[in-house]
Each structure stands twice: as structure tokens, then as C-alpha cells.
1. Here are some residues: 201, 244. Which one is at pLDDT below 95 and either surrounded by 17 or more Cβ atoms within 10 Å (Cβ to Cβ) or not basic (Lys, Arg) (or both)?
2. Could you grab me the full set of residues in the stretch 113-149 that are assigned to a loop (DSSP other than H, G, I, E, B), of a type outside the set (Asp, Glu) and in contact with a Lys or Arg (Cβ under 8 Å, 6 or more places away or on another chain)?
3. Take the residues in the stretch 134-165 that are at pLDDT 95 or above and of a type in the set (Ser, Thr, Tyr); name whichever of them is nearest to residue 20 (Cα to Cα).
4. Tell me which residues, restricted to the stretch 221-231, are within 20 Å of residue 50 (Cβ to Cβ) and surrounded by fewer than 23 Cβ atoms within 10 Å (Cβ to Cβ).
5. Restrict the check to the stretch 150-159 and report whether at least one residue is outside any loop (DSSP other than H, G, I, E, B) and among the basic types (Lys, Arg).
6. Any idea which of (1) over 16 Å from residue 121 (Cβ atoms); (2) surrounded by 13 or more Cβ atoms within 10 Å (Cβ to Cβ); (3) modelled with pLDDT of 95 or more is the one residue 207 doesn't satisfy?
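The values are calculated or read from the model by the stated rules, or taken from the named source; none is laboratory data. What you see is a predicted model; the values in this text were computed from it and never measured. Counting neighbours? That spans all protein chains shown, and the Cβs are built from the backbone with ideal geometry, glycine included.
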Amino acid sequence: MTNEAVVTESDDAAALLFSLARAEVVVDALPPALEPYAAAAPDDGLALQTKVIERWRALGEDIGGWKVAWTSRAMRDSGGKDFRPFGYILASRMFPTGSTVSREGIYRGQVESEICLTIGSRLSGEHVTRDEAFAAVESVSPAFEINARRLANTMPLACRIGNGLNNWGLVVGPAGTPPDSLDGIVVEQFRDGEPAGAGRTGEDILDDPYLSLARVVTQLSRHGFAIEPGQRIITGSILPGMATDGVGHFEASFGDLGSVAVDLV
């Protein structure tokens, strides 16, 4: 598969992924529009994602932030050293803790406990350091990423990256002053009051979130984006996600960072 073939078919692929993100269609097998990406590179997936973002913006939607992927021990450097793909998060799908959110359109959903960084100053360029990224963070919050598994993990990697890495939305808890380190935070999550997993942040689970922030700026810059003030960044799931297979109350405590909660109905 050549890059020329990928570019030729990218409009059809973007149209399909845009329809998936709007819950207008559901696919369980690789559709013809995505076949050109079956052997494409991860960076081709990011280029495809930018075309999906263009379609959202044409509808008047804003990008409220980004997810950083491949920060876990199992996935680090899968696309090359320090390569961290991004996924867009729509501003209209960001909610404060305690919100009630409809499950409509959240296909095969999961709620994942993550740390959220709110940005205070613009980050761009291909050589941002960890210290520069840390200095740009205005606040840190406990958060839930809501995923809709629009494409199964068996689908080609570039397709899943083009799909925004399955992000549907974000629930953000109280804002706190950014600590120098985010290691050693004990996270406990609950569904309907029952324990649903516990763990601790650290390099065995996730990269340093500030380092992940610095690394993703490189990929965003290469595709024409910067991280803007007010945007929110999540840097990887700390625990296995909780399935949204029914109405439920989801909550997670993050030690001194506080708690986050959402009701899915």
C-alpha cells in the first residue's frame, strides 16, 4: 500500500469515520472505505483523523482537548521512539463531575479513569521539553474518559487512530495545582457503589503525564495543530475501563486530587 493510494481514498474514509463518530452507522468488519488503510503507517492514521476533525469544525464544533495514546507500558514506542498519537475530544462532549450523560450513541462504551491536564499557555513545535510542558499546565484534575468502541481493536491500527482512538467524551473533576510529580496516586473506581478496580500511577502503568504532554505536541504540530489555552489533555487509562452496558453511576477517587463521578442513563 502506497501513501498515494491512501491519500486518494482518504475523503471516503474520513466521511465514514465521521458518520461513525456521529453514531449514524455501525460497522463490525473492515468496510471498503477503510481498506486502503489496512497496511498504512500510524502517521497516515493521524492525517486521516485531521480530515475527520475538519468535518466536525465545518459543523461548528470546537476541539476541547486531546487524548494521548500509547502511554502504557505495553504500548510505548509502538510507532517509533517517543511517538504518541493523539485523539480529538469535542468541546461539546466535555462535562463537569456529577453530570448525567445519555448513553445514546456511546456504542460498546467504557468509562476509564484518567488524569486530566488543563492547559494555561500555548504549546507548539517539535521540541517541547517536559519542563516546558509542565510549566504550561494550569491545573490537574481527576477525570473519566468515555470511549465508544466504534472500531474494534482487531481493525487496522491506522483506522483506529483515524477514528480518534475511540474517544467519545470527557468528564472532569475539581481542578488542583499541578504537583511536580503525578506518580504514586492511588485510584479506586466504583460502579453503582461497588468496587470496580484499584491501582496506583507510576511508570509501570503510564508514562509521566507531563512527558506524554510534551511528546504529543510533536505529533500535533506535524499535523497543523497546537495545544491551546483552556484545552484539556488526558494521558492514558490508569485502570481497565468500566463497561457502559447499562444505566449506571460511575465514580473514582484519586487521593489528594479528589474524585470524579458521572451518571450514564
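1. From the options 201, 244, the qualifying one is 244.
2. Our first condition is that a residue be assigned to a loop (DSSP other than H, G, I, E, B); within the stretch 113-149, this holds for 120-122, 124-129, 149.
The next check asks that each one be of a type outside the set (Asp, Glu); those that pass are 120-122, 124-125, 127-129, 149.
The answer is 149, and nothing else.
3. Of everything passing the filter in the stretch 134-165, 141 is nearest to residue 20 (Cα to Cα).
4. Just the residues of the stretch 221-231 that are within 20 Å of residue 50 (Cβ to Cβ), to begin with: 221-228, 231.
Hits for the stretch 221-231 are 221, 222, 223, 224, 225, 226, 228, 231.
5. Looking through the stretch 150-159, none of the residues is outside any loop (DSSP other than H, G, I, E, B) and among the basic types (Lys, Arg).
6. So the condition that residue 207 fails would be (3).
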